[in-house]
Amino acid sequence: MGTLREFRIAFSGLKLGQHEYKLSVGEAFFEKYHNLEIDHGAVDVNLVMTKKERMLIFDFHLKGWVELICDRCLGKYKHYIEDEEKMFVKRQNGIYEMVEEAEDVLIIPDDWSDFDVGHYVYEYIAVLLPMKRVHANDEKGNPLCDPKMLEILNKVKVTDEDEKEGEKKESDENIDPRWEALRKLKNNQ
Ligand SMILES: [Zn+2]
């Protein structure tokens with residue numbers, strides 16, 4: 001697992017004002033934050049940290065792509081993302097662990113000297129991922145899925161169903177109503 005040291009922003013030795021960081025999200029990042037279920041991608045994170053006396057302000061600009069697996073044809077495709085986020089980190093005496101004051105406002109103990117933004121970049125990316133991971137459509141409205149794969153997968157699905165049905169019961173009338181609906185749709189075309 002990569003240590004992702006670049007995401008750990010050491011602020012204690014810095015003078016007040018703006019500091020810019022160029023972070024890159026790649027394989028090591030996806031390995032660490034494996035909940036994203038992404039293996040490949042390249043997202044540039046332009047980070048501007050404004051250091052104030054008692055506060056750090058982080059301005060993130062994310063831009064790049066992640067590779068997703070299409071739920072329909074199992075092919076890989078690039079999903080492009082771009083986002084801007086802002087986060088405030090207050091420094092406070094007398095606390096011993098980080099406190100989340102609001103969604104984008106954190107309070108950290110005064111003696112911390114660095115702050116790991118990796119987890120927040122992970123959350124930003126997670127929110128940008130589509131619920132349904134499928135190929136987009138072309139200009140004509142046809143899905144960009146691999147037609148050969150779809151054909152094969154459809155055959156496999158039907159075979160699987162047949163086998164399961166055979167194991168379970170003799171009745172061959174017990175077909176998933178959704179399949180029946182699909183068949184009717186196809187016949188009408
Ligand atoms: Zn597809």
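Values in this text are rule-based calculations from the coordinates and carry no lab data. Source: prediction; values computed, not measured. In this analysis, Cβ positions are derived from the backbone assuming ideal geometry, glycine residues included, and neighbour counts consider all displayed protein chains.
The table for this structure:
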| read-out | value |
| --- | --- |
| From ILE69, ILE152, residue being among the β-branched types (Val, Ile, Thr), surrounded by fewer than 14 Cβ atoms within 10 Å (Cβ to Cβ) and within 16 Å of the ligand (Cβ to nearest atom) | ILE152 |
| Count of segment 115-126 residues which are loosely packed, with under 14 Cβ neighbours inside 10 Å and touching a strand residue (DSSP E or B) at 6+ places or on another chain (Cβ under 8 Å) | 1 |
| Hits in segment 87-104 - residues which are closer than 17 Å to PHE11 by Cα and within 25 Å of the chain's Cα centre (by Cα) | MET87, PHE88, VAL89, MET98 |
| Count - residues of segment 27-56 that are over 12 Å from the mean Cα position of the chain (by Cα), within 21 Å of GLU85 (Cα to Cα) and not in a strand (DSSP E or B) | 2 |
| Contacts under 8 angstrom Cβ, first residue in segment 137-155 being under 10 Å from GLY75 (Cβ atoms), partner more than 11 Å from the ligand (Cβ to nearest atom), 6 or more apart | LEU144/ASP138 |
